[in-house]
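One structure below.
No lab work stands behind these numbers, since they all come straight from the coordinates. Computed from a predicted structure; not experimentally measured. Don't worry about glycine lacking a Cβ; one is built from the backbone with ideal geometry, like all the others, and counts go over all protein chains shown.
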Amino acid sequence: MEQTDEHYMRAAIMEAEKARGCNEVPIGAVIVLDGEIIAAAHNLRETEQNATAHAEILAIEEACKKLGTWRLENAKIYVTLEPCPMCSGAIILSRIKKVVYGAADPKAGCAGTLMNLLQDERFNHQSEVVEGVLKDECGKLLSDFFRNLREKKKLEKESKQ
């Protein structure tokens, strides 16, 4: 049975919580095919010291391995933060059918905020985009994380004085 976008976004939020648990920016993604989650990942940039270790990229890699193909034509990706240019490019190249995201990204969002790479008709593939699913929950994860990080840095600075 096909679940709602909110159901799958909650799974992406669970992935984001895993990222937060290892001091990564809390972003999570899941890829769904035929109503089943076939891949799940979270940000690992700091852990792996790899600029490309975004949740979407890692989830796409996992889904491709699982299916044995780079074409994810009928898949949907759910991500807690609007995809950046790199992730939007990977989504287009993997031919994901639908992108659902939670919080908009005013600094790097390429699913409608800064630009919309996902629906640019100059590319040979476009994805359906659904924005703002559980955006408050997704946004709170990020704002709480960065607030705590700033407070921690402030305390470290004060303790050195």
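The C-alpha atoms of the chain define a longest principal axis, and helix 55-67 lies at about 40 degrees to it. Put simply, the Cα atoms of region 8-161 extend 57, 30, 26 Å along their principal axes, the longest span coming first. Computed from point charges on the beta carbon alone (+1 for Lys and Arg, -1 for Asp and Glu), the dipole magnitude for the chain about its Cα centre is near 560 Debye.
Where only DSSP H runs of four or more residues are counted, the chain gives -14000 deg cm²/dmol as its mean residue ellipticity at 222 nm, each run worth -39500 (n - 2.57). Subtracting the Cα-Cα distance of E158 and N116 from 0.36 nm times their residue separation leaves 10.9 nm of extension gain. Computed 3J(HN,Hα) for region 97-109, one whole-Hz value per residue from the Karplus formula 6.51 cos²θ - 1.76 cosθ + 1.60 where θ = phi - 60°, is 6, 9, 10, 10, 10, x, 7, 6, 10, x, 9, 8, x, glycine and proline marked x. Around the Cα centre of region 1-61, unit charges on the Cβ atoms of Lys, Arg, Asp and Glu (plus for the first two, minus for the last two) sum to a dipole of about 260 debye.
Evaluated at q = 0.24, 0.26, 0.27, 0.28 Å⁻¹, a Debye calculation over the C-alpha positions of region 88-161 (equal weights, vacuum) places log10 I(q)/I(0) at -1.04, -1.13, -1.17, -1.20.
For the listed residue pairs K76/K107; K18/K107; K66/K153, the alpha carbons are over 30 angstrom apart in K66/K153. Projecting the Cα positions of L81, V30, W70 onto the charge dipole of the chain (unit charges on Cβ atoms of Lys, Arg, Asp and Glu, taken about the Cα centre) puts L81 furthest along the positive direction.
Working from the Cα coordinates of region 1-70, the gyration tensor eigenvalues give, after taking √(5λ), semi-axes of 21, 16, 6 Å in decreasing order. For L81, the amide hydrogen comes within under 5 Å of the amide hydrogens of G28, G102, A103, counting only partners 5 or more places away or on other chains and with H modelled in the peptide plane.
In order along region 127-136, phi translates into HN-Hα couplings of 10, 5, 10, 10, 10, x, 6, 6, 4, 5 Hz, rounded to whole numbers, per the Karplus curve 6.51 cos²θ - 1.76 cosθ + 1.60 with θ = phi - 60° and x for Gly and Pro. As a calculated quantity, the FRET efficiency between R71 and E128 at R0 = 22 Å, using C-beta atoms, amounts to about 0.85. Legend: calculated FRET efficiency, D136 to Q49, from the Cβ-Cβ distance at R0 = 30 Å, rounded to 0.05, equals 0.40.
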